1. Using r as the Cβ-Cβ distance of residue A:86 and residue B:6, and R0 as 45 Å, what FRET efficiency do you calculate, to the nearest 0.05?
2. Could you compute the FRET efficiency for residue B:76 and residue A:74, with r as their C-beta to C-beta distance and R0 at 35 Å, rounded to 0.05?
3. What is the helix-to-structure angle for B:49-82, meaning the angle in degrees between its Cα long axis and the longest Cα principal axis of chain B, kept from 0 to 90 and rounded to the nearest 10?
4. Write down Rg/Rh for the protein assembly as shown, rounded to two decimals, with Rg from the C-alpha atoms and Rh from the Kirkwood relation over Cα pairs.
5. Report the FRET efficiency, 1/(1 + (r/R0)^6), for residue B:15 and residue A:6, where r is their Cβ-Cβ distance and R0 is 35 Å, rounded to 0.05.
6. In whole Å, how far is the Cα centre of segment A:29-92 from that of segment B:26-52?
7. What 222 nm value per residue comes from the helices of chain B, counting each DSSP H run with n ≥ 4 as -39,500 (n - 2.57) and dividing by all residues, nearest 500 deg cm²/dmol?
8. On average, how many beta carbons from a partner chain sit within 10 Å of the beta carbon of a residue in A:42-52?
């Protein structure tokens, strides 16, 4: 629950700053270009996240590899388990 | 191991996302600071489209996900009713 509250707090903080800059709530008289940049920020963050996700998926697809040692380990464990079960009288 | 096709597909995904990120960053963040009569503006659509196009893309994506979920659930429900 605390993690959720942390995230909610952070998101609302960023959202408040964004609203302050975009709608000029405090009459900071920022240059117009700043507001033009700040206005599509949420969508920009979303697009960046999408690009990052796509790149991660692509990179993992490109460098996908076999886990030969893990395969050997698993085969060994299967053998062990079969012998153990046979000792205990299970027929396979 | 990843085959040649896998590597090509993965790398093209990475390159595509990097290109998209760079283009969108320039469009949204750099362009407001460039004079409006600069050459750079010729290569970008008007600024409204930097919000409209991703919005349309998001709607289409959500529709596709919804349709996919509906199809999968519909296919899974049929045999249960027959049982």
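The numbers here are math on the coordinates, done by the rules we state, and not lab data. This is a predicted model, so every value here is computed, not measured. Note that each Cβ is placed from the backbone with ideal geometry, even for glycine, and that neighbours are counted across all protein chains shown.
1. Numbers: r = 40 Å, r/R0 = 0.90.
Here the calculated transfer efficiency is 0.65.
2. About 0.70, to the nearest 0.05.
3. Once rounded, the angle reads 0 degrees.
4. On the way: Rg = 25.9 Å, Rh = 21.9 Å.
Answer for the protein assembly as shown: 1.19.
5. 0.45
6. One Cα centre to the other: 36 Å.
7. -24000 deg cm²/dmol
8. Working: counts 1, 7, 8, 0, 2, 9, 6, 0, 8, 10, 2.
Neighbouring Cβ atoms belonging to other protein chains average 5 per residue here.
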